[in-house]
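Worksheet: one structure, shown below.
What follows draws every value from the coordinates through simple rules; no lab data is involved. In this text, all values refer to a predicted model and were calculated from it rather than measured experimentally. Counting neighbours? That spans all protein chains shown, and the Cβs are built from the backbone with ideal geometry, glycine included.
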Amino acid sequence: MEHFPIVLGLCRSAMQNPNPALRSHVERLVRALEKEKNEEQVAALRKLLKSAEAMQEISPSRVVLSRASLRGETITPSVTAPVDRETGDPLAELVLPGQQVAEQPLFSDALNSGIADLLEEWRHVDDLRAAGVRPAWATMLFGAPGTGKTMLAHHIATQLGLPLVIARLDGLISSFLGTTARNISSLFAFANRYRCVLLLDEFDAVAKLRDDPHELGEIKRVVNTLLQCIDSRSEVGFTIAITNHESLLDPAVWRRFDIRIEIPRPNAEARNAMLRRHFDPQEIDDSKIRLMAWITEGGSGSDIGKLSDFLRRQRAIKKGDFNFLQTLRSFVQMSAHEGQSTNRVAIWEEDEVLARMLATDRMIPFSQEQLAALFGCTQPTISRWLKKDK
């Protein structure tokens, strides 16, 4: 289809608030593209439909935040972000509601419950104020890279129906004396003027330990400015800080955040769900999904996304010559990293050895039927392989 990226973008925006009629029209478009054999376009639309369905199942009803809850002006498309006076570079990126689809990250049930409680609390700011209770305006998200912290921040802003003011704090640092502190003050002054969620990414770039002997006096003054700005915003609006290096943060910074959420690496159940979000059942069967979840043990959501993209690229290139297991092994070879999990290393074992490992795995055990489908052989063959280990 000509101009398909534009059509896909329109569908993404519309599916933020899906309804049966809209879904029906998108499904009609999928069927039409199937007749034209536009496989990539069909896959993109099916993924969009699946994501919308997953969000509807997992998410509670969309949070409607009372505008009386927040002071300040509305950010419109004509509003521009503050800039660094020395360089003219913007200090933040403005993301308005509806500008992008913010899928809810797939976490454990316990973490999803905690996030739902946070949204519920932020929805009832008026009730808290009426009861004389101070809302918990500030939230810290920390954990390993690629675990979904930024995606969660976008999801929260989407659920609240508020613009997101995104500032990478490492981008606020300047070599000019006093400019970094001024940039931080300008950023918070802007965020405090408008109704928004302020997202402070790469938070550890500025909020470092003030007693670090390797840091100069300037960074200590910057941290003091940051603390003062967070305190002033604690009565105004929502703030989310993100860091991959929580051990570097000054203890005084931690105390400024009423809510501190560690985002862990996904467990087996979450990895399985993430992979099912990436693929349609017609593309990849259950045994292959389980194997991908098995080899990504200890990985992040970002790692799973890279694996999914690699498989799609290889299948598009090799077509009928595509071999799933060999492609998986190639991915492990080409995405090596320090401290690889035992499962990633084991993918290179001979089929018989690998089958025995999968059959006895405690976290993701495989049935003989699943192993037969995975290795392209009969169940009696799998049974013979497994008996060799006894």
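Taking other Cβ within 10 Å of each residue's Cβ, how do Phe188, Phe279 sort, fewest first?
Ordered from fewest to most neighbouring Cβ atoms within 10 Å, Phe188, Phe279 come out as Phe279, Phe188.
Here is the link list: Lys35/Lys306; Lys288/Lys387; Lys37/Lys318; Lys50/Lys318; Lys50/Lys306. Which ones come out longer than 28 Å on Cα distance?
The answer is Lys35/Lys306.
If packing is taken as the average count of other Cβ atoms within 10 Å, what order do 305-314, 239-248, 109-118 fall into, highest mean first?
239-248, 305-314, 109-118
Can you list residues whose amide H is under 5 Å from Asp84's amide H, if they're 5+ apart or on another chain and H is modeled 1.01 Å from N?
Placed amide hydrogens put Asp89, Leu91 under 5 Å from Asp84.
Can you tell me how the range 267-390 classifies by the Cα gyration tensor, rounded, prolate or oblate, using a/c under 1.5 as the rounded cut?
Taking the square roots of the gyration eigenvalues as a ≥ b ≥ c, the range 267-390 is prolate.
In the range 72-169, what chymotrypsin sites (Phe, Trp or Tyr not before Pro) fall in a loop by DSSP, with at most 16 other Cβ atoms inside 10 Å?
Here no chymotrypsin sites (Phe, Trp or Tyr not before Pro) fit, given the DSSP loop and packing criteria.
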